[in-house]
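Scroll down for the structure; my scribbles are underneath it.
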Amino acid sequence: MSTSVAPAIDYAAEIKRLKKEKNAVILAHYYVVPEIQDIADYIGDSLGLSQQAEKTDAAMIVFCGVRFMAETAKILNPAKKVVLPDLDAGCSLEMSCPTEPFRKFREEHPDHVVISYINCSTEIKTLSDIICTSSNAEAIIRSVPSGKPIIFAPDKNLGRFLAKKTGRDMLLWDGACMVHEAFSIEKLLKLHSQHPNAKIVAHPESEEPVLRVANYIGSTTGMINYVKNDPHDEFIVATEAGIMHEMMKAVPHKKIIAAPAMEDNTCACSECHFMKMNTMQKLYLCMKNEKPEIAIDEELRLQALKPIKRMLEISKQAQL
Ligand code: 13P
Ligand code: SF4
């Protein structure tokens, strides 16, 4: 009896072929696996990815990130096909802000301007006046006339950081990202004592004790630029571990150390299992089959488009 083994698929080569054949663009977040980052047409933070999605002339957007990011791309591009390797790639921060309780919260404060972090559902976006990302949140908040109270959702850590930075009166929704809340300040301080010359860089979704000891706080792109441009050669990085790939590529001569997570975390560092649902195999299959595809009700899309457009306009004015 003869046995035959199917030849292994060269995913990288097939993905490149499909990209050409289907006039597709691959947009990837810094938190996805290195193989996907290396094959993407653009890697970026949430703002950069939205800006790329807005201006692309490709026929199909292949989004390697989480669902709310692909939905934002679809909201901006209703005529284009937007596919995501795994539709179950959600976001713990998005889940911490369900629609009906948030609608009620908003109705209880009708005089407030609602600023929502892009890490939220399309429904929450329809209940918002302006969307922001960690790159432009400060500029967005400053664009609201002083004296006007603000509701900030869903991330309380980012909200607290921004309220302090801008001195604005902000009502915060009680949401958080489980990846960024997993960092242990005790372990971080211990690690720092072993690397006293290292600078600490942190994403603003991290908890206050971590932010208090950080030398730089910013978006993923901001953190990469800081590590690139700062003369120091040792850094402890408090955000999702996927960012290390781009950082190490950008500054191979510098020492980049992942901030440690709490004992009960599944991994020694902090990994977003939603981002890690994007694999080369699923990416290949979704390009081949052109699904799973993102679909959004048109009425909902038009309502969610307004606060996203406002964000993009304010970002342009602020040259972000
Ligand atoms: P950035 O916009 O900084 O890339 O953040 C995205 C995110 O999901 C952080 O957890
Ligand atoms: Fe959401 Fe946190 Fe994952 Fe970012 S790292 S996508 S905020 S769960």
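Data for the structure
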| item | result |
| --- | --- |
| Residue in the range 11-69 that is farthest from ligand 2 (Cβ to nearest atom), counting only those that are part of a helix (DSSP H, G or I) and of a type in the set (F, W, Y) | Y11 |
| Residue list for the range 90-119, restricted to those being surrounded by 23 or more Cβ atoms within 10 Å (Cβ to Cβ) and either more than 11 Å from ligand 1 (Cβ to nearest atom) or of a type in the set (S, T, N, Q) (or both) | C97, F102, I115, S116, N119 |
| Close pairs from the range 164-190: first over 22 Å from L127 (Cβ atoms), partner away from ligand 1 (no atom under 16 Å from the Cβ) and among the acidic types (D, E), Cβ under 9 Å, at least 6 apart | A182/D264; S184/E263; K187/E263 |
| Those residues of the range 186-206 which are buried (at least 19 other Cβ atoms within 10 Å of the Cβ) and more than 12 Å from E234 (Cα to Cα), in sequence order | L188, A202, H203, P204, E205, S206 |
| Every pair of residues 6+ apart whose Cβ atoms lie under 6 Å, when the first sits in the range 18-45 and is at negative phi while the second is more than 16 Å from ligand 2 (Cβ to nearest atom) and in a loop (DSSP other than H, G, I, E, B) | A24/A58; V25/D41; V25/T56; V25/A58; I26/A40; I26/D41; A28/A40 |
| Per-region count, the range 168-227, residues at pLDDT 95 or above, within 23 Å of the chain's Cα centre (by Cα), in a loop (DSSP other than H, G, I, E, B) and among the small types (G, A, S) | 5 |
| Residue tally, condition crowded, with 24+ Cβ neighbours inside 10 Å and of a type in the set (G, A, S), over the range 120-131 | 1 |
| Test: E54 is modelled with pLDDT under 95 and under 30 Å from L172 (Cβ atoms) | yes |
| Subset of the range 205-233 [of a type in the set (A, V, I, L, M) and closer than 23 Å to A163 by Cβ] | V210, L211, V213, A214, I217, M223 |
| Residue, surrounded by the most Cβ atoms within 10 Å (Cβ to Cβ), within the range 132-177, restricted to residues that are of a type in the set (S, T, N, Q) and closer than 20 Å to T72 by Cβ | S134 |
| Lone qualifier among V32, V62 - being closer than 24 Å to A241 by Cα, within 16 Å of ligand 1 (Cβ to nearest atom) and of a type outside the set (K, R) | V32 |
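The values are calculated or read from the model by the stated rules, or taken from the named source; none is laboratory data. Because the structure is a prediction, the values reported are computed rather than measured. When we count neighbours, we look across all protein chains shown, and the Cβ atoms used for this are built from the backbone with ideal geometry, even at glycine.
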